[in-house]
Amino acid sequence: MEQYEIDPIIALAFFQHESNFGREGIAKYTNSIGNIRYSSNCPGTEFISSLGSFCKYDSWEQGIQHWYQLVSGNLYVGSGLDTVEKIIPKYCPIEDRCDVDAYIASVRDFVGTYA
């Protein structure tokens, strides 16, 4: 989505890492390319799982739109977190049982292969 100035290959890399393109995990139920945690800023509804609350969207298009808005907004790119290496530690912190280094490597490998 050009309006957000984020290369679509980055969004695809997150989608692949988070849910194998919507085929695994909660994305099958939420239409979320990035398994975004639920908050009052979520344009969808709340999906509650054993892993917590996540945004649930009416369509993949809505989920994609929200991912771009979130990542390009003040929490990430808008606050200076403008590389994968800067975004991922906040996007998927260690406190969420996230392997930050593996996530970064996964995104970088995907981008390197398919860009």
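Can you give me the Kirkwood hydrodynamic radius for the stretch 1-78, using every pair of distinct Cα atoms, in Å to one decimal?
Numbers: mean 1/r = 0.0805 Å⁻¹.
For the stretch 1-78, inverting the mean 1/r across all distinct Cα pairs yields 12.4 Å.
Could you provide, to the nearest whole Å², the per residue accessible area of the chain with probe 1.4 Å?
Details: 6600 Å² over 115 residues.
I get 57 Å² per residue for the chain.
Just to be sure I understand the model, the point goes 7 Å from the Cα along the line to the Cβ. What's the resulting Ser49 to Asp7 distance in nm?
2.8 nm
The values are calculated or read from the model by the stated rules, or taken from the named source; none is laboratory data. Since the structure is predicted, the reported quantities are computational estimates derived from the model, not experimental observations. Glycine gets a Cβ as well: all are built from the backbone with ideal geometry, and neighbour counts include every protein chain shown. Quick note on the areas: whole protein, heavy atoms, side chains included, nothing else; ligands and nucleic acids left out. Shrake-Rupley method; radii C 1.70, N 1.55, O 1.52, S 1.80 Å.
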